[in-house]
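The values are calculated or read from the model by the stated rules, or taken from the named source; none is laboratory data. Just so we're clear, the structure is a prediction, and the values are computed from it rather than from any experiment. Positions of Cβ are generated from backbone atoms using ideal geometry, with glycine treated the same way; all protein chains shown enter the neighbour counts. What goes into the accessible areas is simple: the full protein's heavy atoms, side chains included, and nothing from ligands, DNA or RNA. Shrake-Rupley method; radii C 1.70, N 1.55, O 1.52, S 1.80 Å.
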Amino acid sequence: QVQLVESGGGLVQAGGSLRLSCAASGRTFSSYAMGWFRQAPGQEREFVVVTRTSGNTYYADSVKGRFTISRDNAKNTVYLQMNSLKPEDTAVYYCAAKRGLLGAAATPVNYDYWGQGTQVTVSS
């Protein structure tokens, strides 16, 4: 069982930056693909980015060039650096984990574990 705890959300003005963290329990963090999703009110959960165990990353077009995912396996933590934030980035951000082979990264059901989410609000 893996527990994921996100932090770092908050209120920021458009054009600003935030860094989200997701701390994972367990001793095999490096064997997990880690993803970030977000969900705005009344909308479906939306894929943001994934980092696979191979080190490959894949970003949604909406955040490419603005968001950067990184992971520190020694700290069991994955980060999401968000720059040039826009009001449309406002959502609850969730991290997700999949042990072993991850199928379609953008499909939420392919992940085994989820955090509780952290609110990001971008004001115009």
Look through segment 37-62, keep the residues that are assigned to a loop (DSSP other than H, G, I, E, B) and open to solvent by less than 30 Å² (accessible area, probe 1.4 Å), and return whichever of them is nearest to residue 98 (Cα to Cα).
-> 60
Are any residues in segment 100-121 touching a Ser or Thr at 6+ places or on another chain (Cβ under 9 Å), buried (at least 18 other Cβ atoms within 10 Å of the Cβ) and assigned to a loop (DSSP other than H, G, I, E, B), and if so, which ones?
-> 102
Residue pairs qualifying under the 6 Å Cβ cut-off, at least six apart or on distinct chains, with the first in segment 15-32 being farther than 18 Å from residue 89 by Cα and the second being modelled with pLDDT of 95 or more and aromatic (Phe, Trp, Tyr), are none
Matching residues in segment 63-99 (farther than 24 Å from residue 121 by Cβ, open to solvent by less than 50 Å² (accessible area, probe 1.4 Å) and not in a loop (DSSP other than H, G, I, E, B)) number 3
Inspect all residues belonging to segment 93-101 and state whether any of them is more than 17 Å from residue 30 (Cβ to Cβ) and among the hydrophobic types (A, V, I, L, M, F, W, C).
-> no
